[in-house]
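Below is one structure, written out as structure tokens; comments come after it.
The values are calculated or read from the model by the stated rules, or taken from the named source; none is laboratory data. None of these values were measured; they are calculated from a predicted model. Don't worry about glycine lacking a Cβ; one is built from the backbone with ideal geometry, like all the others, and counts go over all protein chains shown. Just so you know, the surface numbers come from the protein's heavy atoms only, side chains and all, with ligands and any DNA or RNA stripped out. Shrake-Rupley method; radii C 1.70, N 1.55, O 1.52, S 1.80 Å.
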Amino acid sequence: FTRSTVPQASVTASLSNGLNKVSAALGLSSSASAFQIPDSQKKTLVIVGSGWGSTGVLQNIDASKYNIVLVSQRDFFLFTPLLPSTPVGTVEHRSIIEPVHNIIKKQGGKIKFYEAEATAVNTTDKTVSIKSVNLAKPQEFDIKYDYLVMGVGAQVTTFGIPGVAEHAYFLKELEDSKKLRARITSVIEEAQFITDAAARKKLLNFVVVGGGPTGVEFAAELQDFINEDLSKTYPELAKEIKVSLVEALPNVLNMFGKQNIKYTQDTFRDIKIDLLTKTMVKNVTADKIDAVRVLDNGEKEAFSIEYGTLVWATGNAVRPLTKSIMASVEAQKEARRGLIVNDFLAVEGTQDMWALGDCSATKYAPTAQVALQEGKYLASVFSQLGQVNALEVELKNLEASLKTENDTEKISGLKGEIESKTRTLEKNKLVTPFEYNHQGAMAYIGNERAVFDLALYAKKIYPLSGRTAFVIWMGAYNAMCITARTKTLVAFDWLKTRTFGRDITRE
Ligand code: FAD
Ligand code: NAI
């Protein structure tokens with residue numbers, strides 16, 4: 001790390017604002033009354049979102065240094081890496097969520113939580129407008145912040161392809177998985193009543209679009225369910241169900257090395273997932289998917305697939321709130337993938353605002369690994385900033401007593417104290433830029449096999465695959481579960497599935 005000061009637009013700007021602004025800046029705007037400032041001596045830090053990035057901040061920050069306000073439209077953290085396991089019941093929904101209340105409890109209850117959507121950010125007045133999400137009579141008000149952390153993530157993209165939003169299932173949020181689980185159950189139920197061969201074939205055709213890790217992992221989990229569970233309860237049906245994975249590029253899992261891409265595609269062939277690469281979906285209706293594929297001779301061919309269930313996993317799009325900030329800040333006008341941040345994750349063109357994870361545009365991939373490390377980094381920045389703020393208060397008090405003091409001995413003592421505290425203050429203002437430590441990429445590919453591009457020294461990649469990689473995958477994903485509670489629940493689910501099979505009842 002090279003040590004340097006945080007640029008003017010971010011931390012130092014707020015530090016130099018001085019304490020005279022603190023009381024005015026703390027708390028709610030005049031129209032609001034819901035949030036009472038617990039401590040007017042402390043700065044108000046508003047964190048938007050309860051995903052990987054924000055949770056990294058919340059779990060690691062010294063919460064005693066701030067009035068922390070958490071705003072998220074869901075009251076839990078979602079462990080996304082195991083989301084593809086939930087629609088088929090390998091792991092249960094409740095096992096991969098951690099209530100934000102548990103995180104708050106661990107921080108001594110010092111965090112105020114609003115289950116609400118942040119609808120707007122005014123970067124000039126430094127306010128966040130929030131709106132309750134579940135109340136029959138919606139509540140709306142503004143919160144004035146000293147510091148703001150944006151961790152709202154991203155939403156699924158459809159690339160504006162007609163029919164996708166109306167007819168496809170997604171796999172981004174917990175609700176998506178619940179809908180998909182209900183759909184799989186309904187398909188099995190409906191198939192008992194349909195005798196017409198063509199209608200059965202259509203109903204039992206599952207098409208997953210997008211050969212990134214989400215699409216690959218879900219297709220693998222679905223095929224596992226068919227091969228390991230449905231084959232025992234409905235052997236005939238299990239033979240009829242078809243799972244296809246459609247990918248526009250020549251290969252799936254393009255962020256992996258060649259060896260693991262090949263291993264994945266070979267495994268898919270073995271476990272009977274139909275892989276359609278170089279195939280771009282162009283249009284979707286209630287019954288069919290229109291696509292164009294590139295043939296071996298380079299020519300393009302249009303064709304259609306009749307489907308029963310379409311799962312769409314083609315990556316991320318920017319959320320409306322992030323877009324609105326991008327549009328209102330001059331320095332963000334060129335932004336496309338998310339908020340442009342500097343090396344310290346401060347949002348360019350704003351004061352006292354940081355962004356992390358999938359809502360920011362950095363040189364890193366939009367992954368949980370990156371967001372969590374960014375969260376931990378910001379927690380350390382804020383803990384340091386908190387010390388700076390506390391020192392500023394102390395200095396101000398010392399200077400006030402210096403002015404009223406007559407005793408020369410006491411005056412020289414106070415001067416010494418002020419000097420030493422000023423030195424500490426200047427030292428604490430030094431923050432190192434964020435540096436990402438890539439540990440590798442992993443994906444589950446079915447039949448108790450995984451691929452793992454292990455990143456070691458000097459960023460050299462060592463590819464691992466098969467059962468060994470699967471065991472490492474289980475260990476790593478369990479270790480990544482952010483609390484002992486979720487680690488235990490996930491481990492029990494895996495044991496339960498291995499012992500009794502998957503439970504894919506409607507409830
Ligand atoms: P999120 O985790 O998406 O959190 C965003 C938060 O903001 C949520 O709490 C949301 O409710 C809240 N929010 C959104 N809008 C608002 C608003 N307007 N107001 C208030 N709150 C709001 N990455 C890996 O590294 N490894 C994996 O194995 C892996 N597996 C994945 C599997 C799936 C199925 C998916 C979809 C993603 C996976 N990822 C994985 C990627 C990873 O989940 C994301 O990169 C990560 O979630 C980004 O974290 P984040 O904090 O930026 O956003
Ligand atoms: P992705 O962006 O990684 O992959 C989407 C895929 O869809 C691409 O390969 C693209 O070529 C394809 N595609 C786009 N439009 C298409 C079309 N019209 N027809 C056919 N194919 C089309 O998206 P994904 O998998 O949702 O992942 C999002 C982010 O989350 C990524 O950064 C990923 O690394 C991360 N993630 C990581 C996981 C892991 O590490 N195991 C698991 C899941 C997600």
Karplus couplings for the range 438-455 from phi (6.51 cos²θ - 1.76 cosθ + 1.60, θ = phi - 60°), rounded to Hz, Gly and Pro as x? 7, 9, x, 10, 9, 8, 7, 10, x, 6, 6, 10, 9, 10, 9, 8, 7, 9
If you place +1 on the Cβ of every Lys and Arg, -1 on the Cβ of every Asp and Glu, and leave all else neutral, what size is the dipole of the range 186-267 about its Cα centre, to the nearest 20 Debye? 320 debye
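Restricting attention to the range 409-507, which trypsin sites (Lys or Arg not before Pro) occupy a DSSP loop and are surrounded by at most 10 other Cβ atoms within 10 Å?
Within the range 409-507, the qualifying trypsin sites (Lys or Arg not before Pro) (loop, at most 10 other Cβ atoms within 10 Å) are Lys460, Arg506.
Mind checking the dipole of the range 426-507: about its Cα centre, +1 per Lys or Arg Cβ, -1 per Asp or Glu Cβ, Debye to the nearest 20?
Its charge dipole is roughly 100 debye.
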Can you give the log10 of the normalised intensity I(q)/I(0) at q = 0.21, 0.27 Å⁻¹, computed with Debye over equal Cα scatterers of the range 185-249? -0.87, -1.17
What are the ³J(HN,Hα) couplings of the range 122-132, residue after residue, when phi is run through the Karplus curve with 6.51, -1.76, 1.60 and θ = phi - 60°? Round to Hz, x for glycine and proline. 9, 6, 7, 7, 6, 10, 10, 8, 10, 9, 4
Of Lys179/Lys288; Lys201/Lys258; Lys126/Lys427; Lys65/Lys333, those spanning more than 31 Å from alpha-carbon to alpha-carbon: Lys201/Lys258; Lys65/Lys333
Specify the inter-centroid distance of the range 225-301 and the range 339-383, based on alpha-carbon positions, in whole Å. 35 Å
May I ask which residue of Asn406, Gln351, Tyr377 lies farthest towards the positive end of the charge dipole of the chain, with charges of +1 (Lys, Arg) and -1 (Asp, Glu) on Cβ and the Cα centre as origin? Asn406
Cα shape, the range 258-353, gyration tensor, a/c 1.5 rule: prolate
What full-extension length gain, to one decimal in nm, is calculated for Ala400 and Ala198 as 0.36 nm per residue of separation minus the Cα-Cα distance? 64.1 nm
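Do you know the relative contact order of the chain, to the nearest whole percent, from alpha carbon pairs under 8 angstrom that are 6+ apart?
About 20 percent, as a whole number.
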Step through the residues of the range 70-75 one at a time and calculate ³J(HN,Hα) from phi using the Karplus curve (6.51 cos²θ - 1.76 cosθ + 1.60, θ = phi - 60°), rounding each to whole Hz and writing x for Gly and Pro. 9, 10, 8, 7, 10, 9
Towards the positive end of the charge dipole of the chain, with charges on Cβ (+1 Lys, Arg; -1 Asp, Glu), say which of Thr468, Ala450, Ala368 has the farthest Cα. Thr468
Output the relative contact order of the range 253-400, whole-number percent, from Cα pairs under 8 angstrom with separation of 6+ residues. 9 percent
For Lys126, the residues 5 or more places away or on another chain with a placed amide H closer than 5 Å to its own amide H are none
With bins 5 Å wide starting at 0, give me the P(r) of the range 418-477 over every alpha carbon pair, in whole percents. 4, 16, 17, 12, 9, 6, 6, 6, 7, 7, 5, 3, 1, 0
Hey, what's the chain come to in accessible area per residue, 1.4 Å probe, Å²? 47 Å²
Dipole magnitude (debye, nearest 20) for the chain, charges at Cβ of Lys, Arg, Asp, Glu: 460 debye
What percent of all Cα-Cα pairs in the chain falls into each 20 Å bin, going from 0 up to the bin containing the maximum distance? 21, 48, 25, 6, 1, 0
Looks like the range 161-201, by Cα gyration tensor root eigenvalues a ≥ b ≥ c and the a/c under 1.5 rounded cutoff (else prolate when a/b is bigger than b/c, oblate otherwise), is oblate
Return the Cα extents of the range 164-314 along principal axes one, two and three, sorted largest first, each rounded to a whole Å. 43, 30, 30
For the range 164-314, what is the relative contact order in percent, using Cα pairs closer than 8 Å and at least 6 residues apart in sequence? 32 percent
Using a probe of 1.4 angstrom, how much of the accessible area of the range 164-314 is carbon and sulfur, in percent? 53 percent
Report the Cα centroid-to-centroid distance between the range 91-116 and the range 454-507 in angstrom, as an integer. 22 Å
Helix 368-404 versus the longest principal axis of the chain: what is the Cα-based angle in degrees, 0 to 90, to the nearest 10? 10 degrees
Where labels lie 7 Å past Cα in the beta-carbon direction, separation of Glu507 and Gln107 in nm: 3.6 nm
Hey, for a label at Ala476 modelled as a point 7 Å past Cα toward Cβ, could you say which residues of the range 323-367 have their backbone N under 17 Å away? 365-367
